[in-house]
Amino acid sequence: MVLSLLLLSGAGLSAQSQTPAPGPSEKELQAPLTLGDEKPAPGQAYSEPSGWRALGSVIVVLGLAGGGLWAFRKWGAKRMPGSGGARLKVEETLTFGDRRHVSILRADDELFLIALSPQGIHLLARLDNLVEAPTAASFAQAMERQVELGRPMPVKEMEAMIQRDRS
C-alpha cells in the first residue's frame, strides 16, 4: 500500500511538471514585437506623415478659435451677466482719483448723474429732457442741489416741510 501510494504521488508530480503545449493565441503573444511593419491595417489607407499636413491642421484650428472669439465678442458678450445691453449705457465718466467717479448714465431715454465712490453709488440728479450732453451749468446746478440735500436740517424745519407736503 505504501508502495502504491509512492508510485501515485510520483506520477502526480511528473504530471504537474509537464505543461500543455501553447495554443496559437499564446504563440502570437509570445512572439517578438516588430515595429517596422509598414503595412496599413485592413480597411485603412496608408499615408506618410507630412509637415504640410500638420501646418495646415494648425492653421485650421487657429482659424476656428479666432472665428469663435470674434463671434463671441460680436454676439455672445451682450448676453453675459453684467454686460448691460441696449437699454443701459454709460454716456460719460469723469474720474476724480482714489476710486471716485461721476458718470452720466442713460437708461432708455432718461439721463441720470451718479457718483461712484468706495462707500457706494449715489444719485446726484435726474437730468430730464436733455437730448444733448449736459453743460457745465447743469452739472453745477445738480451738484448744488445735492449739497443742499446733504446739508443737515433742523428738526423744526423738517417738520414744517412735511406739514407743507401733507397739505
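The values are calculated or read from the model by the stated rules, or taken from the named source; none is laboratory data. Note that the structure is a prediction, hence the values are computed from the model and not measured. Note that we place each Cβ from the backbone using ideal geometry, even for glycine, and neighbour counts take in every protein chain shown.
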Which fully enclosed strands (runs of 3 or more DSSP E) of the range 87-130 have 1 or more residues being at positive phi? 88-97, 120-127
Take the range 108-167 and flag every residue that is among the acidic types (Asp, Glu), at pLDDT 80 or above and closer than 27 Å to residue 94 by Cβ. 108, 109, 110
